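What follows draws every value from the coordinates through simple rules; no lab data is involved. Owing to the predicted nature of the structure, the values given are computational and were not obtained by experimental measurement. Don't worry about glycine lacking a Cβ; one is built from the backbone with ideal geometry, like all the others, and counts go over all protein chains shown.
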Amino acid sequence: MARETQQGLPGRQHSRLARFIEARLPVCGFFRRHICAFRVPDNLNYFYTFGGILTLVLAAQIITGLVVAMHYVPDTEQAFASRQVLQRDVPFGWLFLPGHAVGASFFFIAAYIHLARGLYYGSHRAPRELVWLIGMAIYCTMMATAFCGYVLSWGLMSSSAAAVIVGLFKAVPFIGPWLGETLLGGYSIGQPLLSRFYVLHFLLPFILLAFVGLHIVAVHYVGQNNPTGRALPQQETLPFVPYALVKDCLAICVFLLFFCWFLFYMPDYLGQPDNFTPADTLKTAPHIAPEWYFLPFYAMLKAINFDFGFISSTFAGALVMLAAIAVLFLVPWLDRSPVYSARYRPLYRPFYWLFIADVIALGWLGACPAEPLYIALAQAATAGYFAFFLLVMPFLPRLEKRLCRGAAAELAKKGGGDNEPV
């Protein structure tokens with residue numbers, strides 16, 4: 001029995017049924033070993049709590065989404081009205097439908113902070129390359145799920161956004177018309193398109209849940225990163241329960257305060273005004289703009305307003321938009337600095353914050369009309385986005401290395417010149 005207890009099986013204080021189940025399906029033992037007893041660095045700050053926040057928000061989105069799906073009617077004549085009926089006539093519909101919409105925005109807020117923290121502290125570096133790649137797969141699945149849900153609202157803006165996406169597929173050389181017709185289920189936006197997006201929006205969250213499980217397993221296998229970027233000895237780590245759990249719970253409570261403020265006082269603040277008008281396939285929104293979390297990539301799409309030889313501007317913009325996402329998958333190999341954390345990279349930090357400002361500027365430009373001034377600014381911001389990944393990350397470490405050698409040599413000279421520079 002002592003051997004069984006060491007292996008994570010329940011001791012004599014547990015019931016015979018619990019020991020029977022644990023010996024054949026060690027769920028409790030697995031939970032204790034990989035959750036409760038999982039050791040995390042003792043120097044984690046509150047930016048590391050957004051992984052737990054994302055898990056909580058995902059669970060809330062699945063629950064509220066299931067409730068909304070029970071009352072939503074995927075029909076072009078009733079889709080918009082069914083949402084109004086759910087919100088006004090169904091018990092607690094006023095909570096579930098806005099909660100699902102506001103939850104999508106806060107899901108992306110937490111994801112962007114989580115992503116920015118990873119870039120700052122080097123969470124993409126070895127041996128965590130697969131952790132980063134799975135995280136980027138989660139991000140792409142999130143965007144696909146969110147866009148499908150955006151179309152399901154079947155307002156004027158969402159139907160216009162669907163027309164833009166279909167237009168991007170149609171711009172693909174050779175197979176574009178076939179792709180567009182396959183997505184539409186015909187030759188115009190209507191019932192087949194809505195049905196396809198409804199099925200995808202219901203299916204993708206479960207794929208997202210599988211990716212999240214893989215992400216957690218990968219983190220637990222290679223260990224969690226920390227603000228120093230170095231591997232910590234065992235004595236500098238703590239069990240997740242109760243130490244890290246208490247910190248996560250405090251951060252979750254603060255996060256929920258902001259979430260509840262938007263949910264109860266400004267549930268429609270993050271939405272598009274034109275999307276509160278029923279969709280009309282004969283009308284287009286005067287100024288097409290997606291939800292705020294897509295705006296940086298939409299700005300890149302609008303920035304390419306010229307043809308590249310035989311490549312149309314529409315298809316070229318789509319390629320740039322896809323490249324902006326694809327380059328994130330290459331970050332573990334683009335960043336060549338031997339120092340992981342930006343805390344110890346004084347040259348990298350200004351470029352990092354310029355990159356954050358550039359992404360925010362792209363988000364603002366994505367909401368601006370397609371006028372020459374805004375397009376020129378979007379082109380400059382798009383160039384800055386790619387320059388960070390393709391120029392700063394690979395080549396800045398060489399300059400940092402030279403400056404460090406120069407500083408070490410200068411220090412050696414001041415010390416008498418007997419020491420060799422490192």
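Extension gain, residue 253-residue 47: 0.36 nm per intervening residue step, less the Cα-Cα distance, totals 72.7 nm. Summary value for the chain: 20 percent relative contact order, contacts being C-alpha pairs under 8 angstrom separated by 6+ residues.
Remark: the Cα gyration tensor places the stretch 17-131 in the oblate category, a/c being 1.5 or greater and a/b not exceeding b/c. Tally Lys and Arg at +1 and Asp and Glu at -1 over the other residues with C-beta under 12 Å from the C-beta of residue 135: what net charge comes out? That works out to +1. Shape analysis of the stretch 342-406 yields a ratio of the Cα radius of gyration to the Kirkwood radius, Rg/Rh, of 1.12. With bins 5 Å wide beginning at 0, the percent of Cα pairs of the stretch 164-276 falling in each bin runs 2, 8, 8, 10, 12, 13, 11, 10, 10, 8, 5, 2, 0.
Each Lys and Arg Cβ is given +1 and each Asp and Glu Cβ -1; about its Cα centre, the chain then shows a dipole of about 1580 debye.
Which part of the stretch 120-140 falls in the paramagnetic zone of residue 390, meaning amide N under 14 Å from the point 7 Å along Cα-to-beta-carbon? Residues passing the 14 Å test: none.
How long are the semi-axes of the equivalent ellipsoid of the stretch 130-179, taking √(5λ) for every eigenvalue λ of the Cα gyration tensor, in whole Å from largest down? Could you put the intermediate results ahead of the total?
Working: eigenvalues 118, 70, 7 Å².
After diagonalising the Cα gyration tensor, the semi-axes are 24, 19, 6 Å.
The value for the stretch 261-346 of Rg(Cα) / (2.2 N^0.38 Å) is 1.62.
If exposed means no more than 15 neighbouring beta carbons inside 10 Å and the site is in a DSSP loop, what's the longest run of the chain without any exposed trypsin sites (Lys or Arg not before Pro)? For trypsin sites (Lys or Arg not before Pro) (loop position, at most 15 other Cβ atoms within 10 Å), the longest site-free span of the chain is 13-229. Give, as ranges by residue number, the residues of the stretch 82-125 whose backbone N falls under 19 Å from the point 7 Å along Cα→Cβ of residue 264. Backbone N within reach: 92-104, 106.
If R0 is taken as 51 Å, the Cβ-Cβ distance between residue 410 and residue 280 corresponds to a FRET efficiency of 0.15. Applying both filters, DSSP loop and at most 16 other Cβ atoms within 10 Å, to the chymotrypsin sites (Phe, Trp or Tyr not before Pro) of the stretch 143-211 gives 174, 187. Site pair residue 356 and residue 178 shows an inter-label distance of 4.7 nm when each label is modelled 7 Å from Cα along Cα→Cβ. Here the spin labels are modelled as points 7 Å beyond Cα on the Cα-Cβ line, and at residue 70 and residue 228 they lie 5.1 nm apart. Using C-alpha pairs below 8 Å separated by at least 6 residues, the relative contact order for the stretch 123-227 is 39 percent. Each other residue within a Cβ distance under 15 Å of residue 169 adds +1 if Lys or Arg and -1 if Asp or Glu, for a net charge of +1.
The residues packed around residue 229, meaning those with a beta-carbon under 9 Å from its beta-carbon, carry a net charge of +3 if Lys and Arg are +1 and Asp and Glu are -1.
Listed by number, the DSSP H helices of the chain that run 30 Å or longer by alpha-carbon position along their axis and have mean Kyte hydropathy of at least 0.5 are 50-71, 93-121, 129-152, 191-222.
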